[in-house]
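To start, the structure under review is shown below, and the notes come after it.
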Amino acid sequence: MTVRKNYVVITALSAAAVVAGVCAPTASADPLIAARAQRAALSQAVQVAGGLGAAFGGIHLEHGKAVVNVLDDAGAQRVRAAGLTARKVKHSYTHLTGVKKALDGVHNVPQTAWGIDTRNNQVVVTVYSAATQAVTDTVTQAAAKYGDSVRVEHRTGKLELHIAGGDAIENDQGRCSLGFNVVRDGQPYLLTAGHCTNLGGTWFGGDVDGAEVVASDCPGADSGLLTRPNGTGPGEINTGQPITDARDPFVGEQIQKMGSTTGGGGGEVTSVDQSVNFDVGVLDHEFGTTAHTDHGDSGGPAYDGEIGLGTLSGGDTETSFFYPLTLELQSYGLSLA
């Protein structure tokens, strides 16, 4: 639940990929003001949570205000003394993390996902109707071992990587768009989804002319890095929204997204540290959101005002999963240009 603030972030284009089979608003009418209020609330909550120790049960947002989960009265008093809302819960965040990691030991169960829902103080397991009965039985039986630490949801539909359509860049294998402009050792690069760069080849489109794949990680992660032969790009979303930082998301956080098929829009973070079992393999550490995305939006940025949060992997008609930007920056030794 660490918040990483030591990144300078520059965003690029919307995001989308095309390939078959590869790996409630806040009260303010001004999204920027609302985003700043969220950031301030989260920053204060993280500081207070650092002193709770084993009594800490997680942080989430409700209507833009931070709520700190605690296990005892002493913790609640400490949170309220800081002017924040405290909620007494049964399970510590450490416990929920342990349960989630234990479920990560369940393998070969496509069309399922699990992650931490701090709002409901549970690990939430999602089983899609596209899963086989054997997979459904395996996952539900594994979840049952942990009692009320786990909630199982059954959902109609199928998990898919959003990798059809899009504009920004393409090669003879498919088409993708980009999420963030990045820099390493003074050289500019492009960051997008790993299931896009798994296609290999040379990429063209927009002001991208002859970009080559430098790194591609999917499944496991979902990160891809391309050269940027034409130099660095603008430090903003293609709407003009500047991006100046990067950190991890929080449940309840209102976010914005950009994709070349569905365009802009918003949603709410519903879970963090998700293990998502796509048919091509498991994507780890994703965060789930209610943002609407579709085929063609892969690799597109999720952000909260001036803060970059992640790049889109895929989802279903109700949930979109993003891979955390902080992990992408760490993995490749990048700053956002």
### Query
Restricting the search to the stretch 42-69, which residues are of a type in the set (G, A, S), surrounded by 23 or more Cβ atoms within 10 Å (Cβ to Cβ) and more than 23 Å from G98 (Cα to Cα)?
A66
### Message
Given the criteria among the hydroxyl-bearing types (S, T, Y) and surrounded by 18 or more Cβ atoms within 10 Å (Cβ to Cβ), does T197 qualify?
### Response
yes
### Query
Based on what the data block shows, is D217 surrounded by 15 or more Cβ atoms within 10 Å (Cβ to Cβ), within 15 Å of Y332 (Cβ to Cβ) and of a type in the set (D, E, K, R)?
yes
### Query
Taking into account only those residues within the stretch 73-118 that are loosely packed, with under 15 Cβ neighbours inside 10 Å and on the phi > 0 side of the Ramachandran plot, which is modelled with the lowest pLDDT?
G83
## Note on the structure
Residue hits (the stretch 100-141; under 20 Å from the mean Cα position of the chain (by Cα) and of a type in the set (A, V, I, L, M, F, W, C)) are L103, A113, W114, I116, V123, V124, V125, V127
### Subset of the stretch 263-294 (residues that are at pLDDT 95 or above, assigned to a loop (DSSP other than H, G, I, E, B) and either among the hydrophobic types (A, V, I, L, M, F, W, C) or touching a Cys at 6+ places or on another chain (Cβ under 9 Å) (or both))
A291
### Task
Output the number of residues of the stretch 295-334 satisfying the condition of being more than 24 Å from P234 (Cα to Cα) and either acidic (D, E) or part of a helix (DSSP H, G or I) (or both).
2
### Task
Give, as residue ranges, the strands (runs of 3 or more DSSP E) completely inside the stretch 144-262 that count at least 2 residues that are among the basic types (K, R) and more than 30 Å from A130 (Cβ to Cβ).
none
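The values are calculated or read from the model by the stated rules, or taken from the named source; none is laboratory data. Please read all numbers here as calculations on a predicted model, not as lab measurements. Reconstructed Cβ throughout: ideal geometry from the backbone, glycine too, with neighbour counts over all protein chains shown.
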